[in-house]
1. Within the stretch 104-125, is there a residue that is surrounded by 16 or more Cβ atoms within 10 Å (Cβ to Cβ), under 12 Å from the mean Cα position of the chain (by Cα), of a type outside the set (Val, Ile, Thr) and within 22 Å of Pro27 (Cβ to Cβ)?
2. Can you tell which of Tyr70, Tyr55 is under 16 Å from the mean Cα position of the chain (by Cα) and free of Cβ contacts under 8 Å to residues at least 12 places away in the same chain?
3. With respect to Asn107, determine if the residue is in contact with a helix residue (DSSP H, G or I) (Cβ under 9 Å, 6 or more places away or on another chain), at pLDDT 95 or above and on the phi < 0 side of the Ramachandran plot.
4. Pull out all pairs, ordered by first then second residue, where Cβ-Cβ is under 7 Å, the residues are six or more apart or on different chains, the first lies in the stretch 32-48 and is closer than 13 Å to Thr81 by Cβ, and the second is in a loop (DSSP other than H, G, I, E, B) and not basic (Lys, Arg).
5. Of all residues in the stretch 1-53, how many are modelled with pLDDT under 55 and of a type outside the set (A, V, I, L, M)?
6. May I ask you to verify whether Val65 is at pLDDT 95 or above, under 21 Å from Val41 (Cα atoms) and under 13 Å from the mean Cα position of the chain (by Cα)?
7. Collect the residues in the stretch 73-103 that are surrounded by 13 or more Cβ atoms within 10 Å (Cβ to Cβ) and within 14 Å of the chain's Cα centre (by Cα), keeping them in residue-number order.
Amino acid sequence: MRRMFLFAAALLILAAPVLATAADKRPHRIAIQVDQNDAAVMNLALNNASNVIEYYRSKGEDVQVEIVAYGPGLNMLREDTSPVKDRIRQIKDVSFPSDIKFAACNNTKEGMEKHEGHKITIVPQAQIVPSGVVELMELQENGWSYVRP
């Protein structure tokens, strides 16, 4: 019995570096909230996203970033009001197409459409999600880190 225990312990010790390496291979994931109609906050969120992606790329590690816009922050992803739509296009279409996602809150979009009396177009780089707050909550429940610039 003692030999079996020692054999099992030796296997665990030898496997530890392999297990640690496998755990290190999981992607880094961060959700960034934008809830203000402020170009400085929007640019800070884009800077945060770019810096995180560049950092992990330089280390050869996978990273996923999701910027979630709701409330007044939805203006970031509106085709007609976004002060950062050119940067969004560059980041999503050229720099980091597979590493970043932009999520636009449908609750906010519908409220703005009702208030303004016309349809609102979201930039093509963004996806509409049912609720920005729920999106953030579910990302965090699934182990994503969270930042509010």
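The values are calculated or read from the model by the stated rules, or taken from the named source; none is laboratory data. What you see is a predicted model, and the numbers here were worked out from it, not measured in a lab. When we count neighbours, we look across all protein chains shown, and the Cβ atoms used for this are built from the backbone with ideal geometry, even at glycine.
1. no
2. Exactly one residue qualifies, and that residue is Tyr55.
3. yes
4. Note: pairs meeting the criteria are Ala39/Pro83; Ala39/Val84; Met42/Pro83; Met42/Val84.
5. 4
6. yes
7. Ile88, Ile91, Lys92, Phe96, Asp99, Ile100, Lys101, Phe102, Ala103
Rundown of residues vs (1) more than 20 Å from Glu135 (Cα to Cα); (2) of a type in the set (Gly, Ala, Ser); (3) touching a Gly at 6+ places or on another chain (Cβ under 9 Å), yes/no style:
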| residue | (1), (2), (3) |
| --- | --- |
| Gly73 | no, yes, yes |
| Leu77 | no, no, no |
| Pro83 | yes, no, no |
| Ile91 | yes, no, no |
| Phe96 | yes, no, no |
| Ala103 | no, yes, yes |
| Lys109 | no, no, no |
| His118 | yes, no, no |
| Ile122 | no, no, no |
